[in-house]
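Notes follow the structure.
All of the numbers you see were taken from the coordinates with simple rules; none came from a lab. Since this is a predicted model, take the numbers as computed values, not measurements. Cβ sites come from the backbone with ideal geometry, for glycine too, and all protein chains shown count toward neighbours.
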Amino acid sequence: MPPTAQAQQQEATWAQLMRAAQGGDKRGYEQLLREIAPFVRSLARRYCRNSTLAEDVVQDVLLCVHRIRHTWDPSRPFCPWLAAITARRGIDRIRRDSRINRHEISDEDAYETFSAPTANYESGAVRAAEEIGPLLSALPDRQRAALEAIKLRGLSLAQAAAESGQSVAALKVNVHRAVKSLRRLLRTD
Amino acid sequence: MLDTNSLISSLGGELTPAAPLRPPLRRALLWLMLVGVVAALAVTHFARLEIFMRRMEAPRVALENLSALLTGVVSITAAFYLSLPDRSALWRYAPLPPLLLWVACSGLGCLQNGSGMGPAGARLGESPHCFEFILIISIPLGILLFAVLRRARPLAPLPVALCGALGVGALAAFVLQFFHPFEVTVVDLALHALAVAVTVGLAALVRVRALASV
C-alpha cells in the first residue's frame with residue numbers, strides 16, 4: 001500500500017476510535033492511545049534527543065489528549081490535532097529544561113548524603129577526623145581529657161572540673177597546652 | 001513515574017464521555033450576541049442616542065467607531081480559535097488590521113481636536129471617567145469571556161488572553177461612544193489606550209489561572 005493511502009487509512013482508523021472514545025468507549029480509547037504512542041514518540045524525538053525525556057513528552061501528550069479530548073472536532077482530521085498537541089508539549093519541555101538548567105547544576109557528589117562515614121569517605125571532614133584521632137592519643141592523659149571535655153564534648157569549665165577532679169585553672173592550662181601540642185604535631189606531620 | 005503502558009491502561013479505565021465543543025466561530029458569535037443584547041438594552045435606556053447619531057454623520061467618526069467594533073469582534077473570534085490546538089496560529093494577527101484602522105482614525109481625530117486643553121479644556125475633566133468606564137465594562141466582560149474560553153483548556157494561554165482582553169477593551173471603548181458626547185482628544189485617546197492596555201496587561205498576568213491550561 002503506498003504511504004499516502006496508509007496515512008489516510010491510519011487517519012480514518014484513529015478518527016473513528018476517537019469518536020468512540022468521546023462517546024465513552026473505554027476499549028476503543030485504550031486501543032487508540034496504544035496506536036498513537038509510537039507516532040507521538042517519533043514526533044517527540046524531534047524535540048528531545050534523550051529517550052527518557054522523549055518518553056516524558058509522550059506521557060505528557062497522552063495526559064493532554066485525555067484532558068482535552070472534547071476539543072477535537074469530529075468533522076476535522078485527527079492527526080493534525082494530535083501533532084499540534086505534541087509540538088506544544090515538546091516546546092514546553094524544551095523551555096522548562098532550559099529554565100531549570102539556567103538555575104541548577106548537576107552535582108553527582110551532592111547526591112551522597114548518607115551518614116555512614118564510608119559513604120562520605122571523600123568528604124574532607126571525615127578525613128580530618130581520621131587524621132586527628134591518632135594525634136589526640138599521643139597527648140598526655142590530663143591534656144587529652146581536658147581537651148575532649150571542653151572542646152569536643154562542650155562541657156562548661158565547672159562541669160569538666162567536677163568530672164575530672166582537676167581545678168578550673170588546671171583545666172584551662174591543660175587545654176592550652178593540648179592545643180599547642182596538636183599544632184606542633186600537625187606541623188611535623 | 002508510571003511507564004507508558006500503565007499510564008494508557010489507567011487513562012482507559014477512567015474514561016468518561018466527553019461531548020465535543022461547538023465550532024469556535026459559533027461559540028464566538030453566541031458570546032457576542034449575548035453581550036450585544038445586554039449592551040443594546042443598556043444603550044437604549046441610558047445613552048443619548050441622538051447625539052451619537054449626529055456624531056456618526058461625520059465619516060471619520062463613523063469609521064472610528066466601526067473599526068473599534070470590528071477590532072472587538074475579530075479579537076474575540078480570534079481568542080476562540082486560538083484556544084484550540086489544531087487551529088491556525090495566524091489568528092493572533094487577525095485583530096491587527098482593524099486595530100490599526102481604529103488607532104489611525106482616533107489619531108486623525110486628535111489632530112483635528114487637539115489636546116483638549118484649549119477653550120474646550122473642560123472636557124479634560126471627562127477623560128478619567130472614560131478610563132474608568134472602559135475598565136468597569138472590560139473587567140466583567142473579560143471574566144465572562146475567560147469563563148467560556150476556559151472550557152477549551154488552551155495549551156498556549158497567552159495569545160488567547162491577549163486577544164480576548166483586546167476584544168473586550170475594544171468593545172468597551174465602542175460602547176463608550178454612546179455615552180461620549182464629544183470628540184476624542186489626545187488626552188481621551190491616551191486614556192482609552194491606557195485602559196485597554198491595563199485590561200490586556202491584567203489578562204496576561206492571570207492567563208494561566210484564568211484559562212486553566214493543561
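How big is D for segment A:125-188, in µm² s⁻¹ as a whole number, if Stokes-Einstein is applied with the Kirkwood radius of its Cα pairs at 4 °C and 1.567 mPa s? The estimated diffusion coefficient comes to 108 µm²/s. Near the amide H of residue B:47, within less than 5 Å, lie no amide hydrogens of residues on another chain or at least 5 residues away, with H placed in the peptide plane. The alpha-carbon of residue A:151 sits under 17 angstrom from the alpha-carbons of these lysines, leaving out residues fewer than 8 places away in its chain: A:172, A:180. Simple point charges give the picture: +1 on the Cβ of Lys and Arg, -1 on the Cβ of Asp and Glu, and for segment A:1-97 a dipole about the Cα centre of about 200 debye. Note that segment B:18-25 has calculated 3J(HN,Hα) couplings of 9, 5, x, 5, 5, x, x, 5 Hz, one per residue in order, obtained from phi through the Karplus relation 6.51 cos²θ - 1.76 cosθ + 1.60 (θ = phi - 60°); glycine and proline are x.
Which three semi-axes in whole Å describe the equivalent ellipsoid of segment A:3-103, each the square root of 5 times a Cα gyration tensor eigenvalue, listed largest first?
Those come to 26, 15, 12 Å.
Please state the charge dipole magnitude for segment A:125-188, taken about the Cα centre, from unit charges on C-beta atoms (+1 on K and R, -1 on D and E), reported in debye and rounded to the nearest 20. Kindly include the intermediate steps, with their values, before the conclusion.
Numbers: 11 positive and 5 negative charges, 68 e Å.
Here segment A:125-188 has a charge dipole of around 320 debye.
Taking 0.36 nm per residue of sequence separation and removing the Cα-Cα distance, the residue A:11/residue A:156 pair yields an extension gain of 44.0 nm. Looking at segment B:1-80, the trypsin sites (Lys or Arg not before Pro) that sit in a DSSP loop and have at most 14 other Cβ atoms within 10 Å of their own Cβ are B:48. Full extension of the chain between residue A:170 and residue A:132 yields a length gain of 11.3 nm, computed as 0.36 nm times the residue separation minus the alpha carbon distance. The 3J(HN,Hα) values that the Karplus relation (6.51, -1.76, 1.60; θ = phi - 60°) gives for segment B:91-108 are, in residue order, 4, 5, 9, 4, x, 4, x, x, 5, 5, 5, 4, 4, 5, 5, 5, x, 5 Hz. Gly and Pro appear as x. Here's the thing: no lysines lie within a cross-link span of residue A:26, going by alpha-carbon distance under 26 Å and ignoring same-chain residues fewer than 8 apart.
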